[in-house]
């Protein structure tokens with residue numbers, strides 16, 4: 001789903017989509033009660049799934065998993081080896097979910113094995129495969145941002161191997177998640193990715209329809225050691241849901257490390273090795289040193305600029321140590337919309353009333369962030385005669401010339417780092433109110449040190465403040481898009 005289609009999905013577009021996934025075997029239920037019928041005529045499979053099959057597979061018939069096993073258990077004729085014993089131990093196998101429920105009918109492939117006559121990556125990673133049985137969960141998923149792609153990444157003339165590790169569901173599934181599950185090291189994963197041809201990378205980018213899909217969080221093929229934090233049950237999770245170790249969030253961490261963090265959401269929602277000391281802020285002036293989703297570092301109280309003041313006395317809140325961390329709040333009742341709900345996400349730690357009251361912190365942080373933006377603009381206006389020239393060079397509006405960055409005091413560089421760190425986290429204090437306040441306090445203290453006057457108390461309404469921050473995020477995305485053109 002393209003980003004422009006998200007509103008359509010939220011307004012009801014998922015209804016006909018979900019209807020196409022209602023199948024005879026599972027009835028679109030939340031769990032695999034019965035596998036789709038593979039009796040030879042394809043009955044029970046969804047139309048959305050059938051559309052994923054390669055042309056050479058369209059007329060194939062079902063032959064059963066035992067036929068697949070003759071080659072894939074031993075690797076005969078160069079077939080990828082599958083550990084059937086691990087598959088047989090899964091709930092999928094016990095319910096009769098075989099190879100062809102996910103890979104499609106295999107008669108043509110069995111007669112002449114080829115990547116062109118069996119459903120494999122990249123389309124194998126599409127959520128429509130799992131939606132044959134997990135209908136309501138798939139409907140939830142399709143109203144979430146994970147069901148989108150960032151067009152600037154996957155539509156680039158030269159797609160980046162680094163970016164696709166988190167912005168392409170099939171690329172990550174095939175080249176990161178699956179190898180890690182098989183026991184490959186981060187070095188081995190990275191080496192294999194670096195060896196990919198430009199054409200291969202471009203093909204995966206072109207086939208990417210979702211940034212993250214079911215198979216980026218769950219394995220269909222084996223049980224894993226990562227049990228659900230809430231129930232202790234086996235949901236084939238690919239990573240831990242809770243991680244307190246922040247070593248992989250350190251400045252200078254390479255992509256092979258930060259893209260394989262063993263935390264379900266933190267493997268992508270991190271600062272991606274961005275530094276924040278004075279030397280880094282002096283040398284890195286084109287754009288912020290971190291990426292657009294530093295939610296996990298914010299949760300853990302690391303990644304902001306702490307120069308020019310004392311370290312934070314307390315880095316985290318109870319949200320960081322709560323079992324489940326991100327999924328505890330963003331997936332109440334296993335909802336895959338990722339939307340937080342006061343009644344369920346915040347319980348039992350907070351009553352709905354208490355949660356709503358604490359949420360007011362967000363409004364205060366938003367107002368403080370706009371006040372910091374105003375101070376930066378005022379400094380720029382006083383120094384350069386233009387309110388926009390405080391920013392990173394690639395963030396300067398078209399038609400304006402960025403000043404020599406040596407003219408930007410280090411105090412301003414520290415403040416703008418923290419401004420964007422809080423802005424890009426997008427929780428405005430909910431993830432970590434303690435660290436968010438600390439970063440804003442320190443940013444303001446740095447501006448105080450060079451005589452930048454404090455902005456007058458804002459008379460903007462809450463709606464106006466939100467509109468300003470939404471526009472700031474939109475402009476930041478536009479700056480990135482401009483760089484990729």
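The values are calculated or read from the model by the stated rules, or taken from the named source; none is laboratory data. Since we're looking at a predicted model, the values are computed, not measured. All Cβ positions, glycine included, derive from the backbone under ideal geometry; neighbour counts span all protein chains shown.
Couple of notes before you dig in:
- The helices (runs of 4 or more DSSP H) located wholly in segment 103-161 that include 3 or more residues which are in contact with a helix residue (DSSP H, G or I) (Cβ under 8 Å, 6 or more places away or on another chain) and at pLDDT 95 or above occupy 107-111, 127-130.
- Here residue 112 meets each of (1) surrounded by fewer than 20 Cβ atoms within 10 Å (Cβ to Cβ); (2) touching a residue at least 40 places away in the same chain (Cβ under 8 Å) with one exception, condition (2).
- Residue within segment 42-64 that is within 25 Å of residue 182 (Cβ to Cβ), touching a residue at least 40 places away in the same chain (Cβ under 8 Å) and part of a helix (DSSP H, G or I) present: no
- With respect to the conditions (1) part of a helix (DSSP H, G or I); (2) more than 19 Å from residue 287 (Cβ to Cβ); (3) in contact (Cβ under 8 Å) with a residue 60 or more places away in the chain; (4) within 31 Å of the chain's Cα centre (by Cα), residue 379 falls short on a single one, namely (4).
- Only one of the numbered conditions (1) farther than 25 Å from residue 271 by Cβ; (2) over 19 Å from the mean Cα position of the chain (by Cα); (3) not in a helix (DSSP H, G or I) is violated by residue 199, and that is (3).
- Taking each residue of segment 169-180 that is over 18 Å from residue 207 (Cα atoms) and looking for partners that are modelled with pLDDT of 95 or more and not in a helix (DSSP H, G or I) with beta-carbon atoms closer than 8 Å, six or more apart or interchain, yields 180/238; 180/260.
- The set of residues in segment 318-344 being more than 17 Å from the chain's Cα centre (by Cα), closer than 18 Å to residue 266 by Cβ and buried (at least 18 other Cβ atoms within 10 Å of the Cβ) consists of 319, 320.
- Which listed residue, of 384, 421, is under 26 Å from the mean Cα position of the chain (by Cα) and within 20 Å of residue 285 (Cα to Cα): 421
- Test result for residue 435, at pLDDT 95 or above and within 26 Å of residue 314 (Cβ to Cβ): yes
- Flag for residue 482 being closer than 26 Å to residue 302 by Cβ and under 26 Å from the mean Cα position of the chain (by Cα): no
- Every test in (1) modelled with pLDDT of 95 or more; (2) surrounded by 15 or more Cβ atoms within 10 Å (Cβ to Cβ); (3) farther than 20 Å from residue 255 by Cα is passed by residue 201 save one, and that test is (3).
- Annotation note: Cβ proximity below 6 Å between a residue of segment 68-81 that is within 16 Å of residue 104 (Cβ to Cβ) and a residue that is in a helix (DSSP H, G or I) (sequence gap 6+ or interchain) occurs for 68/99.
- Sole exception among (1) farther than 23 Å from residue 226 by Cβ; (2) crowded, with 19+ Cβ neighbours inside 10 Å; (3) out of contact with any strand residue (DSSP E or B) (no Cβ under 8 Å at 6 or more places or on another chain) for residue 177, by number: (1)
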